[in-house]
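Visitor: Quick one: this structure, given as structure tokens, is what I'll be asking you about.
The values are calculated or read from the model by the stated rules, or taken from the named source; none is laboratory data. Note that the structure is predicted; figures quoted are calculated from it, not measured. No Cβ is skipped: glycine too gets one built from the backbone with ideal geometry, and neighbour counts run over all protein chains shown. These accessible areas exclude ligands, DNA and RNA; they are computed on the full protein's heavy atoms, side chains included. Shrake-Rupley method; radii C 1.70, N 1.55, O 1.52, S 1.80 Å.
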Amino acid sequence: EVLIYDRILWAHDGSPQAVSAFPHVAAIAKAFGSQVIVCSVIEVDDGVGSTETRPAEGVVGNEVLALAAAGLRSEGIQDVRTLVMQGVAERAVSDTARMEDVQLIVVGTRARGGVARAIVGSVSDAVTRSTPGIPVLVVHPDDDETDDN
């Protein structure tokens, strides 16, 4: 089976970790001629049962996503979309990946040690567990960007 990544979902929260995924997203998208969907999630918890993922209404644009999209276009990747969703972050990324029929999800992660990871968990771990059949590229920060908290 030949792997083709027609659509890539880049989960982008504006963090340095998300930004550090840029060269990976750009290289893969250029190699495969992929569409890139740069997606941000507005965390919403209106109460019990309201955690469904949906487009964020009234949000026209997002400067962080616009900059990421412009960066990809400057690398020659023309098919770039931005998408702002609302919901619970890890679920929203997984739901969006399925709704958009992507073949690859790219997320950045903080470099947390054992206790912090066990307590806090991580969106990248949750996305990896909740998207069977869709590969997840987890980009770790450089050593000088590690989170010692």
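Visitor: According to a simple spin-label model (label point 7 Å from Cα along Cα-to-Cβ), what is the distance in nm between H140 and A70?
Guide: About 3.3 nm, to one decimal.
Visitor: Roughly how much of S74 is accessible, in Å² to the nearest 10, using a 1.4 Å probe?
Guide: Its accessible surface works out to 90 Å², give or take rounding.
Visitor: Let me ask something else about it. What is the calculated FRET efficiency for I4 to S122, with r their C-beta to C-beta distance and R₀ = 25 Å, to the nearest 0.05?
Guide: Working: r = 28 Å, r/R0 = 1.14.
Once the sixth-power term is evaluated, E becomes 0.30.
Visitor: Taking amide H positions as placed in the peptide plane 1.01 Å from N, state which residues far from Q86 in sequence (5 or more) or on other chains have amide H under 5 Å from it.
Guide: When sequence neighbours closer than 5 places are left aside, the close amide H contacts are I42, R54, A56.
Visitor: Just by accessible area at a 1.4 angstrom probe, what is the order of H140, H24, H12 from largest to smallest?
Guide: Values: H140 115, H24 85, H12 10 Å².
Largest to smallest exposure gives the sequence H140, H24, H12.
Visitor: Taking amide H positions as placed 1.01 Å from N in the peptide plane, with prolines and chain starts having none, which residues 5 or more places from L137, or on another chain, fall under 5 Å of its amide H?
Guide: Long-range HN contacts for L137: I105, V106, V107.
Visitor: Once phi is turned into ³J(HN,Hα) by the Karplus curve 6.51 cos²θ - 1.76 cosθ + 1.60 with θ = phi - 60°, what whole-Hz value does each residue of region 85-97 show in order, with x for glycine and proline?
Guide: Each residue of region 85-97 in turn: 10, 10, x, 8, 3, 5, 5, 5, 5, 4, 4, 5, 4 Hz.
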